[in-house]
Each structure stands twice: as C-alpha cells, then as structure tokens.
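Working notes for the structure below.
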Amino acid sequence: MAAERASRGPVGIVGGGSIGVAFAIVFSRAGFVTRIQDPDPGRRAAIPDEIARRLADLASFDLLDEPAALITSRVSVVETIAEAAADAVLVQECAPEQLPLKRELFSTLDSVAPKTAIIASASSALPASSFAAELSGRARCLVAHPGNPPYLIPVIEIVPAPFTAPDVANACVALFTDAGLVPVRVNAEVEGFVFNRLQGAVLREAYCLVRDGVASVEDIDRVMRDGLGLRWSVIGPFETSDLNTRGGIAAHAKKMGPAYVRMGAERGQHDPWTENLVAEVTRQRREKLPLENWESRVAWRDRMLMRLVAERRRAASS
Ligand SMILES: NC(=O)c1ccc[n+]([C@@H]2O[C@H](COP(=O)([O-])OP(=O)(O)OC[C@H]3O[C@@H](n4cnc5c(N)ncnc54)[C@H](O)[C@@H]3O)[C@@H](O)[C@H]2O)c1
C-alpha cells in the first residue's frame, strides 16, 4: 500500500490560498499531476498567474529543474472537492484555520476521496484529533504542516493522531520526501507542533525584552538576522551548543545550564535540564557526531557560514 501511495499519482489540494498555491508548486515541480480547488471564483481565476509568477521567480534563481511551462502543465484548477480528490494518492487540505470548516471538509473528503488516499491538513495548530476523530476513514487522516512557502522552506511536520494508521504516516513521509520536502515526524499532537513551539519560545522572549526596554524591535531582529538566525540556517540549536563548547553538549550543559535555568525561572518557567535529560540529548548527539569528529564538523560549520556570508555580501552589493 505504501509503495502505491508514494507513486506520482494525482495530488488534490483543497483551498487555493497562500499555502494551497505554494503546495501546487511543490507537487507539480516534483512531477505530480496536481488539482487545486477553491470555492471562490476570484481565487480560481487568480491561481494560474500566481503560479506562473512564482515559477518565473524560482527559474530566475535557477531553482527549477524543468521548464516552467512543463511544470504548470501538470496543474489544473478545479471547482469542486470531488474533482480535486478524484484518483488522488494524497489530498492536502489548505482551507482557513477554522475548526468547524476543517471538520466539514474532512467529512466530505472521507466520503469522496479514494479509500487508498491519504488525507492531510496543513493546519498550523489544530490537530487531526480535533476534526477527524469521528470519521470512518480516520486511520488515513493526519496533519502535514508546512513552512511558508513550502517550495522554499522544505521542512514539513507530519503529525499523526493516535488513530492514524502507522503505514499511512510512513506513506505520507515517503510521499513528501518524493515531492522534495523534508518531513519530520512529530510524535504527539502538542499545540503548535515543533515548528511553532520553537518559534513561539523565541517570540515570547522577544516580546518580554521589548516590554522591559532591554532592546528595540529592530535590534532584536538584528540579533537574530546577523547572529542566531545566520547560524541556525546551517545547524540547529542542539548542534550549535554541541559545537560551541569543547567537549560537546554535555560540557555546554554543565557550563551554561545553570544560567539558562535562571533565565527560564525569571520568566516563570521551571523545566530544569536534569542529568537524565542531558544524558539523552548527549547520547543522540554523540550518535550523530562522535567527539573525535568534532573539530572537522566545526570547520565544516565555519565553511558553510563563509558561503552564506559571501552570498549575503553579493546580494547586498547587487
Ligand atoms: N500562511 C501560513 O504561514 C501558514 C503556514 C503553515 C500552515 N498554514 C495553514 O494552512 C491553512 C491555509 O492557510 P493559508 O495561509 O493558505 O490561508 P488563505 O486564507 O491564504 O487561504 C485559504 C483558502 O481557502 C479557501 N477556502 C475557504 N473556504 C473553503 C472551503 N470550504 N473549501 C475549500 N477552500 C476554502 C479560501 O478561498 C482561500 O483561498 C491554514 O490551516 C493555515 O493555518 C498557514
């Protein structure tokens, strides 16, 4: 079943707004026949031009492997959900973030989509449990939450509900990989999933810093743009800590842990990095990077930053 789903069969997109149109680009660029539906005639009329404009932009940065016209030839704009879902291997729901609407759409999709189709929602915060739990086909329902726009931000969070069949979640990961995205499995339906929880942690602190007069909005954005964000576009926060301290993340936690705990406590957060937790994080990092390779990974990080900095210089002077 998984292999069949991972083929480049038709993908249906329900909701042709920002995310729906961006997904149409993702799937058609990867060779999938793509049908995008929207109930609003104005949206349906606008979609072909929007796709063409964005593909032209992507082509100008050499980010397409095929002519834009071939990619757009795979996309059709349709009026009804049944047309979008016909023969689909995946239906990606991209309608507004409203619970009653998602409930209604999933109920319709469960009755019109082929029994083998995966039904995924782009939902930013609502878990599949909140809108698909009552459906007879709930085992094929889950959330596939993209970054915006997904044709540039490749990570996509695959969030199964407790009732989602494991082979459906696996097939969904395979299909999005096939579509050129980078799926990450989220093991629990926590609010905000992983992407927005991380984003939220930074944003909450940024608001506090502005409130307390510690720094201006622009200066906080600058610290991210010319500091943390630059590094985080190459490596994540765990790898950053691992590479910033000789001895790796265990040494980092020992040295910096107490200060971070104090900063959290100042904000009313009491989630200490216990010995067991640090041991687990260390275990996962050492599995990924044995300490004997630490120096060469640091050198790799620096070379990646050099590339980025050189590109930023070029962009600033052009
Ligand atoms: N915009 C983002 O940054 C972002 C990122 C990740 C996920 N999401 C999620 O993706 C989903 C779509 O967000 P968006 O930003 O594209 O919204 P949007 O408002 O740009 O687009 C929603 C589209 O859905 C259409 N629509 C309305 N009712 C519909 C119905 N009954 N059936 C089908 N289509 C219908 C609208 O006409 C509109 O074109 C939301 O769940 C949102 O939370 C958004």
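The values are calculated or read from the model by the stated rules, or taken from the named source; none is laboratory data. The model shown is predicted, which means the values in this text are computed figures rather than measured ones. Neighbour counts run over all protein chains shown; Cβ positions are idealised from the backbone, glycine included. SASA here: full protein model, heavy atoms, side chains in, ligands and nucleic acids out. Shrake-Rupley method; radii C 1.70, N 1.55, O 1.52, S 1.80 Å.
How many percent of the accessible area of the chain is carbon or sulfur, using a 1.4 Å probe?
57 percent
List the residues whose amide H sits under 5 Å from the amide H of Ser76, counting only those 5 or more places along or on another chain, with H placed 1.01 Å from N in the peptide plane.
HN-HN under 5 Å from Ser76: Thr34, Arg35, Ile36.
Output ³J(HN,Hα) for the range 116-123: one whole-Hz value per residue in order, computed from phi by the Karplus curve 6.51 cos²θ - 1.76 cosθ + 1.60 with θ = phi - 60°, and x for Gly and Pro.
Listing the rounded values in order: 8, 6, 7, 10, 10, 10, 7, 2 Hz.
Please list, in chain and number order, the residues 5+ apart from Ser121 or on another chain whose amide H is under 5 Å from its amide H, with Hs placed from the backbone.
Glu93, Leu142, Val143, Ala144
With every protein chain present, what is the per residue accessible area of the chain (1.4 Å probe, Å²)?
54 Å²
Is it possible to state the helix-based mean residue ellipticity at 222 nm for the chain, with each DSSP H run of 4+ residues giving -39500 (n - 2.57), the sum divided by total residues, to the nearest 500 deg cm²/dmol? What is it?
Mean residue ellipticity at 222 nm (helix-derived): -16500 deg cm²/dmol.
Among the lysines, which have Cα under 28 Å from the Cα of Lys254 when same-chain residues fewer than 8 positions away are ignored?
Output for Lys254: Lys288.
Need one number for the range 2-185: average projected area of the convex hull over its C-alpha atoms, nm².
One quarter of the hull surface, i.e. the mean projection, equals 9.0 nm².
Using the Karplus curve 6.51 cos²θ - 1.76 cosθ + 1.60 with θ = phi - 60°, work out ³J(HN,Hα) for each residue of the range 204-217 in order, rounded to whole Hz, and write x for Gly and Pro.
4, 5, 4, 4, 4, 5, 5, 4, 8, x, 6, 7, 7, 4
Taking θ = phi - 60°, what integer Hz values does the Karplus form 6.51 cos²θ - 1.76 cosθ + 1.60 yield along the range 41-50, in sequence order, with x for Gly and Pro?
Values per residue, Gly and Pro as x: x, x, 5, 4, 5, 7, 4, x, 5, 4 Hz.
With each label point set 7 Å from Cα along the Cα-Cβ vector, what nm distance links Leu198 and Lys288?
Label-label distance for Leu198 and Lys288, simple model: 0.9 nm.
What's the long-distance tail for the range 195-317, i.e. % of Cα pairs beyond 24 Å?
Of all Cα-Cα pairs in the range 195-317, 40 percent lie more than 24 Å apart.
Distance in nm between label sites at Asn187 and Ala265, each 7 Å beyond Cα in the beta-carbon direction?
In this crude spin-label approximation the distance works out to 2.9 nm.
Provide the net charge surrounding Ala122, with neighbours chosen by a C-beta distance below 12 Å and charges set as Lys +1, Arg +1, Asp -1, Glu -1.
Here the charged neighbours net out to -2.
Just tell me which aspartates and glutamates come within less than 20 Å, Cα to Cα, of Lys255; anything on the same chain fewer than 8 places away is out.
Cα-Cα hits under 20 Å: Glu239, Asp242, Glu266, Asp271, Glu275, Glu280, Glu295.
Can you tell me what share of the DSSP beta bridges in the chain is antiparallel? A percent to the nearest 5 is fine.
Around 20 percent antiparallel, to the nearest 5.
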